[in-house]
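These notes concern the structure reproduced below.
The values are calculated or read from the model by the stated rules, or taken from the named source; none is laboratory data. Note that the structure is a prediction, hence the values are computed from the model and not measured. No Cβ is skipped: glycine too gets one built from the backbone with ideal geometry, and neighbour counts run over all protein chains shown. Surface accessibility is based on the protein's heavy atoms, side chains included, excluding ligands, DNA and RNA. Shrake-Rupley method; radii C 1.70, N 1.55, O 1.52, S 1.80 Å.
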Amino acid sequence: IYAVGQTVTSFLFILKEADLVLGGDEGDECTYSKGYMKRQAIFSCLTCTPEGNAGICTACCLSCHDGHEVLELWTKRNFRCDCGNSKFREFSCKLSPNKDVENVENSYNHNFKGLYCTCNRPYPDPDLQEQEEMIQCCMCEDWFHEEHISLGSPNEIPRDEEGEPLYEDFICKACSAVCSFLTLYPKTIRATGKQPVASVATGKDKSVLEDIPPKDEPGKLDNDVCSDTVQNNLVADMNHDSVSDDKKFVVGESSQSNDSSSLSQSIANSNGTCILGVDWMAASIDSESRPLFLSKNWRDVLCRCDKCLDMYKQKHISYLLDKEDSIAEYEKNAKQKREEKLQKREGAELNFFNNLGHIEKMEILNGIADFKDEFRSFLVWH
């Protein structure tokens, strides 16, 4: 009985996790008509596109590619379903056959071939008996083994005593070069052993950012490879961040006491004075890229002045300002959708039951009781 109970519990956990990944998508219609969605579950069919240059939505995975070799890619941002377009040759989508020849705004990396990390290995890895935990970069959306993220030791990953993550987002070493301007913000946007919360003050007497020094002791990584998604778009822009090392400027170390009110005011006035208070392109930024673990609500702290907004646009990283872009927000919305569906379903079932006559109600209740007895007997004998 205990073993069966554990199996049922595990099955329910898998269903719950799957529901979070799917974001409440019932998988009954192709998402192509919704355009480039902020975030959705995406799959890659190696049977149809072995070169790994196309992605399909949940509904097409279930309806059009049943029995094919399909990879689950978790979620992707700003993606539109490719099923049945020119990349699938003669194959036609059953749910939405009238599609453009190609979705030009889609981005693809080696994940679509079933490969991950700088080591370019599959997951699960057939050469490993025990699979290693992997962490997703919130920018290139690739997944990395803990030992390959360019830290001296996996123990440097911010976790609590039970091993749970103390960070909201992770940025890999290669992608951190694209957003080197983050080093100009107070260090509290970076998660350390104890979780700091990057938040904006709501009153003059409240502190905005408490400066907690991070543990920045990065190790060396032989193969510094970022997924094609970010590299192809942003390598040309990285020259803007290449500045000398003669003098390092870090906001918060020298002017932390007067930043509280000015930061909150600048964020409230989205197009006003730059939060950083300096010309970040002229300021000296640490040229050595290193992985970043970012604390809760770090996106809320990012400057939204005209100059910074233009910088995000040039670097193709405006999505960092969108809270709904994060996996945490995506899962939060998925949970909310699931609860609403359950309440709606329970309400419909209750209305159906209440509309029955007394005899029908008793027959249903007796049937449920008989089923419970039969199920208990089955568990005892098996």
Q.
Taking the conditions exactly as written (touching a Gly at 6+ places or on another chain (Cβ under 7 Å), in contact (Cβ under 8 Å) with a residue 60 or more places away in the chain and assigned to a loop (DSSP other than H, G, I, E, B)), does Lys76 satisfy them or not?
A. no
Q: Please verify whether segment 130-139 includes one or more residues that are out of contact with any Asp or Glu (no Cβ under 8 Å at 6 or more places or on another chain), open to solvent by 30 Å² or more (accessible area, probe 1.4 Å) and assigned to a strand (DSSP E or B).
A: no
Q. Do we have any residue at all in segment 145-158 that's under 21 Å from Tyr312 (Cβ atoms) and either buried (at least 20 other Cβ atoms within 10 Å of the Cβ) or of a type in the set (A, V, I, L, M) (or both)?
A. no
**Q.** Filter pass, Glu147 being in contact with a helix residue (DSSP H, G or I) (Cβ under 9 Å, 6 or more places away or on another chain) and not in a loop (DSSP other than H, G, I, E, B)
**A.** yes
Q.
Can you report the number of residues in segment 315-340 which are open to solvent by 40 Å² or more (accessible area, probe 1.4 Å), over 13 Å from Met139 (Cα atoms) and touching a Leu at 6+ places or on another chain (Cβ under 9 Å)?
A. 3
Q: Mind listing just one residue for me: the one in segment 47-62 that is buried (at least 18 other Cβ atoms within 10 Å of the Cβ) and over 21 Å from the mean Cα position of the chain (by Cα) and, of those, nearest to Cys83 (Cα to Cα)?
A: Cys60
Q) Given the conditions (1) modelled with pLDDT under 90; (2) assigned by the TED database to the domain that holds Ala177; (3) among the β-branched types (Val, Ile, Thr), which single one is not true for Val301? A) (1)
Q: Could you please let me know if Asn85 is more than 26 Å from the chain's Cα centre (by Cα) and crowded, with 18+ Cβ neighbours inside 10 Å?
A: yes
Q: Could you please tell me which pairs satisfy a Cβ distance under 7 Å, a separation of 6+ or placement on different chains, a first residue in segment 41-69 that is assigned by the TED database to the domain that holds Phe79, and a second residue that is surrounded by 24 or more Cβ atoms within 10 Å (Cβ to Cβ) and charged (D, E, K, R)?
A: Ala54/Asp82; Gly55/Asp82; Ile56/Asp82
Q. Hey, Tyr123 hits all of (1) over 18 Å from Glu288 (Cβ atoms); (2) aromatic (Phe, Trp, Tyr); (3) open to solvent by less than 40 Å² (accessible area, probe 1.4 Å) but one; which does it fall short on?
A. (3)
Q: Give the number of residues within segment 103-118 that are in a loop (DSSP other than H, G, I, E, B) and surrounded by 14 or more Cβ atoms within 10 Å (Cβ to Cβ).
A: 8
